Amino acid sequence: MKKLGFIGAGPVGTTFGVRLSEKGYPVIGVADISPEAAQRFAGRVPGCRVFGNNQDLADAADMVFITTADDFIAPVSAGLKWRSGQTVVHCSGASTVRSLETARQQGARVGSIHPCQTFAGVEQAIANLPGSTFAIEAEEPVKTTLTEMARALQGDIVYLTSEDKVLYHAAAAIACNYFTTIVKLATDLWRNFGKTSADGIKAYMPLLRGTLTNIETVGFPKCLTGPIARGDVATIRRHLAALEKYAPDMLALYKELGSFTVPIGQDKGTLSSEKADELMRLLKP
């Protein structure tokens with residue numbers, strides 16, 4: 001089995017190192033600009049040692065994961081000497097294998113594997129990684145190697161090309177990051193009726209869990225509920241009036257999201273064409 005090394009000991013690298021080690025992959029070393037981060041990584045992975053520089057690690061490992069921030073993947077790769085037959089991969093969702101071109105030119109095999117998962121911290125990420133979907137961009141034999149790793153982590157797999165990567169990552173940002181933003185904005189509104197954002201979070205967690213369950217089990221468009229799905233124009237009017245009075249900076253966002261929600265309600269079959277037209281007139285910017 002290939003000896004694995006990691007350049008970058010942040011949440012992504014540490015999570016992959018810990019989980020792959022648990023599955024029997026030999027993680028032999030880590031290098032990072034932060035000695036403390038590298039020591040924390042090595043302390044979690046049996047048999048792993050800290051390397052003083054990237055080149056020493058690259059020389060010792062058969063397969064190197066570059067798990068730095070996206071902007072540093074290409075410079076790190078370009079700054080190292082690689083050997084023929086060695087494997088070099090990164091875990092970025094937006095960057096393509098082209099960022100490893102200098103390694104490929106030296107005879108290394110390259111690829112990328114991106115977990116479609118959120119990395120708020122190491123502990124949460126380690127817990128969340130198994131069962132994630134892994135986006136793989138690679139040619140054989142690296143494609144098979146990364147597929148085996150994803151399966152070892154009980155993951156689903158999607159194969160992407162370089163042309164797919166940025167749109168794939170933008171979609172993930174909308175689904176995850178902007179979901180967080182929307183919930184933050186919603187809970188901030190609670191301050192307008194004498195409550196705290198924490199009160200809003202506590203109230204919404206069961207609602208959000210129920211929504212996610214509906215998306216997973218019922219699917220679109222049937223999972224959509226609420227006033228737009230019902231064609232409740234009067235309620236939408238009241239929403240708009242309240243936002244205009246208490247949170248006018250959120251009015252445009254509410255209208256924009258609402259306009260994208262109307263077609264889902266129509267697809268569900270609970271929103272008539274007449275009500276949909278009326279809602280769209282209300283929701284125009």
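Observations
- Meets criteria (without any contact (Cβ under 8 Å) to a residue 60 or more places away in the chain and either more than 20 Å from Tyr178 (Cα to Cα) or surrounded by fewer than 16 Cβ atoms within 10 Å (Cβ to Cβ) (or both)) for Gly258: no
The rows are residues; the columns are (1) acidic (Asp, Glu); (2) under 22 Å from the mean Cα position of the chain (by Cα).
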{"residue": "Ala150", "(1), (2)": "no, yes"}
{"residue": "Ala173", "(1), (2)": "no, yes"}
{"residue": "Gly194", "(1), (2)": "no, no"}
{"residue": "Met205", "(1), (2)": "no, yes"}
{"residue": "Thr225", "(1), (2)": "no, no"}
{"residue": "Asp232", "(1), (2)": "yes, no"}
{"residue": "His239", "(1), (2)": "no, no"}
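- Among (1) surrounded by 15 or more Cβ atoms within 10 Å (Cβ to Cβ); (2) without any contact (Cβ under 8 Å) to a residue 40 or more places away in the chain; (3) out of contact with any Leu (no Cβ under 9 Å at 6 or more places or on another chain), the one test that Gly85 misses: (1)
- Some residue of region 199-221 being exposed (fewer than 15 other Cβ atoms within 10 Å of the Cβ), under 20 Å from Thr181 (Cβ atoms) and in contact (Cβ under 8 Å) with a residue 40 or more places away in the chain: no
- Qualifying residue in region 56-65 (condition: buried (at least 18 other Cβ atoms within 10 Å of the Cβ) and under 22 Å from Asn128 (Cβ atoms)): yes
- Hey, Gln106 closer than 25 Å to Gln39 by Cα and either surrounded by fewer than 20 Cβ atoms within 10 Å (Cβ to Cβ) or modelled with pLDDT under 95 (or both) or not: no
- Here Ala69 does not qualify as among the small types (Gly, Ala, Ser) and open to solvent by less than 50 Å² (accessible area, probe 1.4 Å).
- Pairs are defined by a Cβ separation below 8 Å, a sequence spacing of at least 6 or placement on different chains, a first member in region 136-147 that is within 13 Å of His90 (Cα to Cα), and a second member that is polar (S, T, N, Q) and part of a strand (DSSP E or B); the pairs so defined are Ile136/Ser112; Glu137/Ser112; Ala138/Ser112; Val142/Thr87.
- Within region 142-169, the set of residues being out of contact with any strand residue (DSSP E or B) (no Cβ under 7 Å at 6 or more places or on another chain), open to solvent by 50 Å² or more (accessible area, probe 1.4 Å) and not acidic (Asp, Glu) comprises Thr144, Arg151, Gln154, Val166, Leu167, His169.
- Scanning region 121-133 for residues that are in contact (Cβ under 8 Å) with a residue 60 or more places away in the chain, open to solvent by 10 Å² or more (accessible area, probe 1.4 Å) and not in a loop (DSSP other than H, G, I, E, B) gives Val122, Ile126.
- Checklist (1) free of Cβ contacts under 8 Å to residues at least 60 places away in the same chain; (2) in contact with a strand residue (DSSP E or B) (Cβ under 8 Å, 6 or more places away or on another chain) applied to Ala172, failing item: (1)
- Qualifying residue in region 177-193 (condition: at pLDDT 95 or above and closer than 19 Å to Val12 by Cα): yes
The values are calculated or read from the model by the stated rules, or taken from the named source; none is laboratory data. Please read these numbers as outputs of a predicted model, since none were measured by experiment. So basically every Cβ, Gly included, is an ideal-geometry build from the backbone, and we count neighbours across all protein chains shown. Note: areas computed on protein heavy atoms with side chains; ligands, DNA, RNA excluded. Shrake-Rupley method; radii C 1.70, N 1.55, O 1.52, S 1.80 Å.
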